[in-house]
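Only one structure is covered here, and it is reproduced in the block below.
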Amino acid sequence: MTRSNALRFVWVAALTFALTAEATLAETYVVDASHSSVDFSIRHLVGRTKGRFGDFSGTISYDAAKPAASSFSGTIQVKSIDTGNERRDGHLQSDDFFGAEEYPTITFESTEVTSADENTLSVKGKLTMHGTTKEVTLSVEILGTGTNPRSGKAQIGLETNFTILCSDYGVNSWERFSAVLGDEVKIQVLIEANAE
């Protein structure tokens, strides 16, 4: 091999390595549901009432150096809704609200991720609920990154707070809805996720 060919080979190998390294910088994390939560609140008459979903899952691909390469996806099981009242939970699962038999899940899939500031991401995506898909933009705060002391794997903590309207997703069929409940739902998602 001539000197010029050898140098060309080294250059190509180095470039290939650099491109491969860049392509694999994103770490994939799986949501740890036991250390995460999906909570919501809604106006009820003169006050607010709270609830949560207990069964959910999600995957996060996060690249700190290149946020645009990141992605988020999540699924909530509607029948895991818990407002502290079994009768009310059953009503919320009915066709008056979520229609859980026909629409058993709520899903989110990101379509675009950008960096808002050092610890905040702007995440655009599609939220699907009750058979309706709407585009939403979430402000996602990175609470921290580190290493799980037990598993030795990388982990990440995230938080997002956002608001949706029941009417946007058709979750307002109950005849007394407007007299009893507000249309606006405030949602808080706290996530702790571990690398695969």
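The values are calculated or read from the model by the stated rules, or taken from the named source; none is laboratory data. Treat the numbers as computed from the prediction; the structure is a model and nothing was measured. Counting neighbours? That spans all protein chains shown, and the Cβs are built from the backbone with ideal geometry, glycine included.
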Sort out which residues of the stretch 30-42 are under 12 Å from the mean Cα position of the chain (by Cα), in a strand (DSSP E or B) and hydroxyl-bearing (Ser, Thr, Tyr), and write them in order of number. Ser37
Tally of residues being farther than 21 Å from Thr132 by Cβ and not charged (D, E, K, R) across the stretch 58-107: 15
Breaking point among (1) farther than 19 Å from Lys66 by Cβ; (2) in contact with a Lys or Arg (Cβ under 9 Å, 6 or more places away or on another chain); (3) not acidic (Asp, Glu), for Ser110: (1)
Residue list for the stretch 138-150, restricted to those being loosely packed, with under 13 Cβ neighbours inside 10 Å and in contact with a strand residue (DSSP E or B) (Cβ under 7 Å, 6 or more places away or on another chain): Gly144, Gly146, Thr147
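Just need a number here: residues in the stretch 43-93 that are part of a loop (DSSP other than H, G, I, E, B), surrounded by fewer than 16 Cβ atoms within 10 Å (Cβ to Cβ) and touching a residue at least 40 places away in the same chain (Cβ under 8 Å).
So the count comes out to 4.
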Restricting attention to the stretch 13-41, and to residues there that are among the aliphatic types (A, V, I, L, M) and modelled with pLDDT of 95 or more, which single residue is nearest to Phe53 (Cα to Cα)? Val38
Out of (1) touching a residue at least 40 places away in the same chain (Cβ under 8 Å); (2) within 16 Å of the chain's Cα centre (by Cα), the odd one out for Leu181 is which? (2)
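Give me the residue from the stretch 151-170 that is in contact with a strand residue (DSSP E or B) (Cβ under 7 Å, 6 or more places away or on another chain) and either among the small types (Gly, Ala, Ser) or more than 25 Å from Ser122 (Cβ to Cβ) (or both) and, out of that set, surrounded by the fewest Cβ atoms within 10 Å (Cβ to Cβ).
Our first condition is that a residue be in contact with a strand residue (DSSP E or B) (Cβ under 7 Å, 6 or more places away or on another chain); within the stretch 151-170, this holds for 151, 153-170.
Filter once more, so that each one left must be either among the small types (Gly, Ala, Ser) or more than 25 Å from Ser122 (Cβ to Cβ) (or both): 151, 153-154, 157, 167, 170.
Working: Ser151: 10, Lys153: 13, Ala154: 17, Gly157: 17, Ser167: 12, Gly170: 15.
Residue satisfying both the conditions and the ranking: Ser151.
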